[in-house]
1. Work out the FRET efficiency for R292 and S240 from their Cβ-Cβ distance, taking R0 = 22 Å, and round it to the nearest 0.05.
2. Once fully extended, how much extra length lies between W141 and E25, figured as 0.36 nm per residue of separation less the alpha-carbon to alpha-carbon distance?
3. Are there any helices in the chain, counted as whole DSSP H runs, that stretch 20 Å or more along their axis by Cα and score at least -0.5 on average by Kyte-Doolittle, and if so which?
4. Among (1) 21.4; (2) 32.5; (3) 23.4, only one was calculated for this model; which label is it, if the read-out is Kirkwood radius over Cα pairs in Å?
5. Between L342 and Y272, what length in nm is gained on full extension when 0.36 nm per residue of separation is reduced by their alpha carbon distance?
6. Taking the simple approach of a point 7 Å from Cα along Cα-to-Cβ for both R67 and D185, what is their distance in nm?
7. Tell me which of V327, Y252, I297 sits at the most positive position along the dipole axis of the chain, charges placed on C-beta atoms (Lys, Arg +1; Asp, Glu -1).
8. Place a +1 charge on the Cβ of each Lys and Arg in the chain and a -1 charge on the Cβ of each Asp and Glu, then give the dipole magnitude about the Cα centre in debye, rounded to the nearest 20.
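Where a number appears in this text, it was derived from the coordinates with a stated rule and is not lab data. Please read all numbers here as calculations on a predicted model, not as lab measurements. Note that each Cβ is placed from the backbone with ideal geometry, even for glycine, and that neighbours are counted across all protein chains shown.
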Amino acid sequence: MNQGKYVFSQVTDFLPQRIFDKYVEYYQGNSRVRHFTCWNQMMCMMFGQLSGRESLSDLIIGLKAHRKKSYHLGLGSSITKANLAKANQRRDWQIFASFAYELIDEARKICIPDEDFTVAFDGPVFAFDSTTIDLCLSIFWWAPFRKTKAGIKLHTLYDVRTSIPTVILMSDALTHDVNALDYLDYEKGGFYIFDRGYVDFARMYKIHQEKALFIVRAKNNLKFERMYSKPYGKESNICSDQIGVLSNPASYNDYPEKIRRVRFFDEENKRYVIVLTNNFELSAEDVALLYRYRWKIELFFRWIKQHLKIKAFWGTSINAVKIQVYVAIITYTLVSIIKSKLKLERSTYEILQILNFSLIDKAPINELLTNQDYQDVKELYSNQLSIF
């Protein structure tokens, strides 16, 4: 079926184009467009992401060198720097955001949970955090951050089980992290994990009222009145497990019910950590383990900055930046879907590295990504005469 097709075309065959076209029609993305459609635009952006292009000029130079292959790659026939820059500036970013969420929904349904998730909890588990991307103030004037820098924040809700980002919000870097909580819809029975930058007891109480669960790291000035303690394994890293109420009047007014405080020793970072939760059933060990799973979202931020192009933007308008971020999320999610559907044992990083070198090859993608025969690999110069 894939014989004679370029690897990039085989990769994009996993994308549901009909769903993408639905959003293009809704937002009138192809209005007054003759040749370079929204689909062609996304294909060019994805090609740049997968091939590791550093800039718009870098991408166009590479595409022009393979102009005869553009049609079969799905890139269109009118690829110029001006066309792509104009499309990124003018076409509605919500087309790409809506399509990204469609892919995310599909990925969450089919992706196998990570083997390192060992907590006995059946509901969804999410980590929420943000990362700041520094920009040049003179170019990205609409995103002020410091005196000499601009910046944006990516606020991300991350599915810990499947390693899939489920919500991506963007704001200027001056926006406080806790304000992003107002834009989340909480799943009943879901677990939400936060660092201490998100301590806001009114917002935590809202999560509690939505029948969802939370774990949040407490601040150093926490005022807590113990009512009673729960038993825990003395040989574990748990130091205390207490049920009580918030003793600060303002905090109690925001969260007027019982809350659980767990203190444990973080072996990796050699420090004591106190977390608060509205779950009273899980063991203290599982509560501590759930909080430690929060590091996965930090790894995701580090990974996507290193391997997908969201630090060097190919446009200066807010619309172009949002398009590039959501295309990066589409690319990441698509690789996760391919990994699941082809039942690949490789890491996402390995898959991206292979695709980076193979986009314009015509090898079957399942063979390209599944073959891991290292038996024929010989040492460098092994067939040369040994002189010394």
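1. FRET efficiency, R292 to S240: 0.80.
2. Full extension of this stretch gives 38.6 nm more.
3. 94-110, 318-341
4. (3)
5. Going from the current span to full extension adds 21.0 nm.
6. For the pair R67/D185, the computed spacing is 4.7 nm.
7. About the Cα centre, the residue reaching furthest to the positive side is V327.
8. With only Lys, Arg, Asp and Glu charged at Cβ, the dipole is about 1340 debye.
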